[in-house]
Structure formats: structure tokens, C-alpha cells
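**Q** One structure is given below, represented as C-alpha cells, and several questions about it will come after.
The values are calculated or read from the model by the stated rules, or taken from the named source; none is laboratory data. Being a predicted model, the structure only gives us computed values, none of them experimental. Please note: Cβ atoms are built from the backbone with ideal geometry, for glycine as well, and neighbour counts cover all protein chains shown.
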């Protein structure tokens with residue numbers, strides 16, 4: 001399926017509010033991603049992406065079928081982690097299994113390596129999120145290890161996986 005990565009626009013709020021309000025997405029993300037996901041949440045998120053610019057992060061809307069159907073971002077580290085960046089993403093459920101996210105990850109990582117003075121991009125999916133692990137593997141990331149009982153989601157402790165892509 002065709003898609004584009006593009007900068008966020010305030011007009012994306014409606015689509016983000018519609019697609020992000022899904023427990024199947026929120027259950028695998030940090031608690032900062034709420035459920036239920038309201039229009040106010042969508043407005044705050046889109047505005048924050050627009051305002052932040054590209055100095056310390058590279059956040060893009062994933063557009064398919066003419067609307068924003070997901071988000072992908074790379075966030076630069078600082079201090080001793082200044083040559084590393086963290087990758088995060090989500091995609092609307094109707095677009096799962098179409099190869100969009102793996103290609104989006106490759107595309108954004110290539111741009112980040114060209115734009116920033118980084119040598120490492122990492123992601124930390126929960127060990128129970130096999131779809132996200134598969135996305136990263138298809139995009140060339142390597143599993144570096146399992147961090148046991150490292151995240152608490154809905155009062156339950158989960159392992160997380162450290163995946164990285166080295167320039």
C-alpha cells in the first residue's frame with residue numbers, strides 16, 4: 001500500500017483522534033499515549049509536533065488514503081547518549097499488515113542518519129508485541145537483548161526488547 005511521510009498539519013487532528021482511539025494501539029505504547037484518546041489529546045500531540053520542529057526530533061505523519069493514519073518519530077538523545085536516538089511509532093489498525101510501517105521505519109531512519117550526527121537508532125517494543133518486533137527486524141534492526149520486567153503497563157510487569165540499527 002502506498003503512503004507518504006510528511007510534516008504534521010493542524011488539519012490532521014480529526015484523523016489522529018479517530019485512529020489513535022484504540023486500545024490495541026495504546027496497550028503497546030507508553031502511558032503518555034492515553035486511552036481513550038480524545039480530540040484534545042490529538043490536538044495537543046499534533047501541535048507539539050509542529051511546534052518542536054526538527055532540531056531534536058524528527059516526527060512525521062504517516063499518510064495513506066489521503067489522511068494521517070499513524071505517526072513515526074526519532075528523538076535525539078543527549079549527554080552521553082547524544083549519538084543515539086530513539087524510534088517510536090504507531091499505525092491505525094485498518095492499515096496493519098500492509099507493509100507500511102517497516103518501509104516507514106527504513107525511510108525515516110535513513111533521513112535521520114543523514115540529517116543528524118548519530119550512529120545508533122534504537123527501539124524498545126514490549127516482548128509481547130511481536131508485530132512491532134517484526135517491523136523492526138524487517139527494517140534491519142537487530143535484537144540486542146531482553147530487559148526483564150522493565151515496563152509496567154496496566155499494573156502488569158512486562159519484558160521489553162532492545163532493538164538497534166547502527167549506521
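**Q** Taking segment 52-88 on its own, how many of its residues are assigned to a strand (DSSP E or B) and modelled with pLDDT under 95? Spell out how you get there, then give the answer.
**A** Residues of segment 52-88 that are assigned to a strand (DSSP E or B), as a first pass: 57-64, 67-76, 84-88.
Pick out the ones that are also modelled with pLDDT under 95 and you get none.
Counting residues in segment 52-88 that are assigned to a strand (DSSP E or B) and modelled with pLDDT under 95 gives 0.
**Q** How many residues does segment 125-140 contain that are in contact (Cβ under 8 Å) with a residue 60 or more places away in the chain and within 13 Å of residue 87 (Cβ to Cβ)?
**A** Counting residues in segment 125-140 that are in contact (Cβ under 8 Å) with a residue 60 or more places away in the chain and within 13 Å of residue 87 (Cβ to Cβ) gives 2.
**Q** Look at residue 72 and say whether it is touching a helix residue (DSSP H, G or I) at 6+ places or on another chain (Cβ under 6 Å), surrounded by 13 or more Cβ atoms within 10 Å (Cβ to Cβ) and either under 22 Å from residue 115 (Cα atoms) or touching a residue at least 40 places away in the same chain (Cβ under 8 Å) (or both).
**A** Numbers: touching a helix residue (DSSP H, G or I) at 6+ places or on another chain (Cβ under 6 Å): yes; surrounded by 13 or more Cβ atoms within 10 Å (Cβ to Cβ): yes; either under 22 Å from residue 115 (Cα atoms) or touching a residue at least 40 places away in the same chain (Cβ under 8 Å) (or both): yes.
For residue 72, the condition - touching a helix residue (DSSP H, G or I) at 6+ places or on another chain (Cβ under 6 Å), surrounded by 13 or more Cβ atoms within 10 Å (Cβ to Cβ) and either under 22 Å from residue 115 (Cα atoms) or touching a residue at least 40 places away in the same chain (Cβ under 8 Å) (or both) - is met.
**Q** OK, next. Only one of 67, 7, 63 is closer than 24 Å to residue 139 by Cα and crowded, with 18+ Cβ neighbours inside 10 Å. Can you tell me which? Before you say what the answer is, go through the steps one by one.
**A** Working: 67 fails: crowded, with 18+ Cβ neighbours inside 10 Å; 7 fails: crowded, with 18+ Cβ neighbours inside 10 Å.
After ruling out the rest, the residue left standing is 63.
**Q** For segment 148-167, give me each residue that is farther than 21 Å from residue 104 by Cα and either touching a residue at least 24 places away in the same chain (Cβ under 8 Å) or surrounded by 15 or more Cβ atoms within 10 Å (Cβ to Cβ) (or both).
**A** Going through segment 148-167, the residues farther than 21 Å from residue 104 by Cα turn out to be 148-160.
Correct list: 150, 151, 153, 154, 158, 159, 160.
**Q** In segment 24-51, which residues are in contact with a strand residue (DSSP E or B) (Cβ under 9 Å, 6 or more places away or on another chain), assigned to a helix (DSSP H, G or I) and touching a residue at least 60 places away in the same chain (Cβ under 8 Å)?
**A** Answer for segment 24-51, where residues must be in contact with a strand residue (DSSP E or B) (Cβ under 9 Å, 6 or more places away or on another chain), assigned to a helix (DSSP H, G or I) and touching a residue at least 60 places away in the same chain (Cβ under 8 Å): just 25.
**Q** Among the residues of segment 10-42 satisfying the criterion of being within 15 Å of the chain's Cα centre (by Cα) and surrounded by fewer than 13 Cβ atoms within 10 Å (Cβ to Cβ), which is nearest to residue 63 (Cα to Cα)?
**A** Going through the qualifying residues, I end up with 24.
**Q** Has segment 105-121 got at least one residue that is in a strand (DSSP E or B) and either in contact with a helix residue (DSSP H, G or I) (Cβ under 9 Å, 6 or more places away or on another chain) or touching a residue at least 24 places away in the same chain (Cβ under 8 Å) (or both)? It would help to see each step written out before you state the result.
**A** Applying the first criterion (in a strand (DSSP E or B)) to segment 105-121 yields 120-121.
Keeping just the survivors that are either in contact with a helix residue (DSSP H, G or I) (Cβ under 9 Å, 6 or more places away or on another chain) or touching a residue at least 24 places away in the same chain (Cβ under 8 Å) (or both) gives 120-121.
Within segment 105-121 (the criterion being in a strand (DSSP E or B) and either in contact with a helix residue (DSSP H, G or I) (Cβ under 9 Å, 6 or more places away or on another chain) or touching a residue at least 24 places away in the same chain (Cβ under 8 Å) (or both)), the answer is yes, since at least one residue qualifies.
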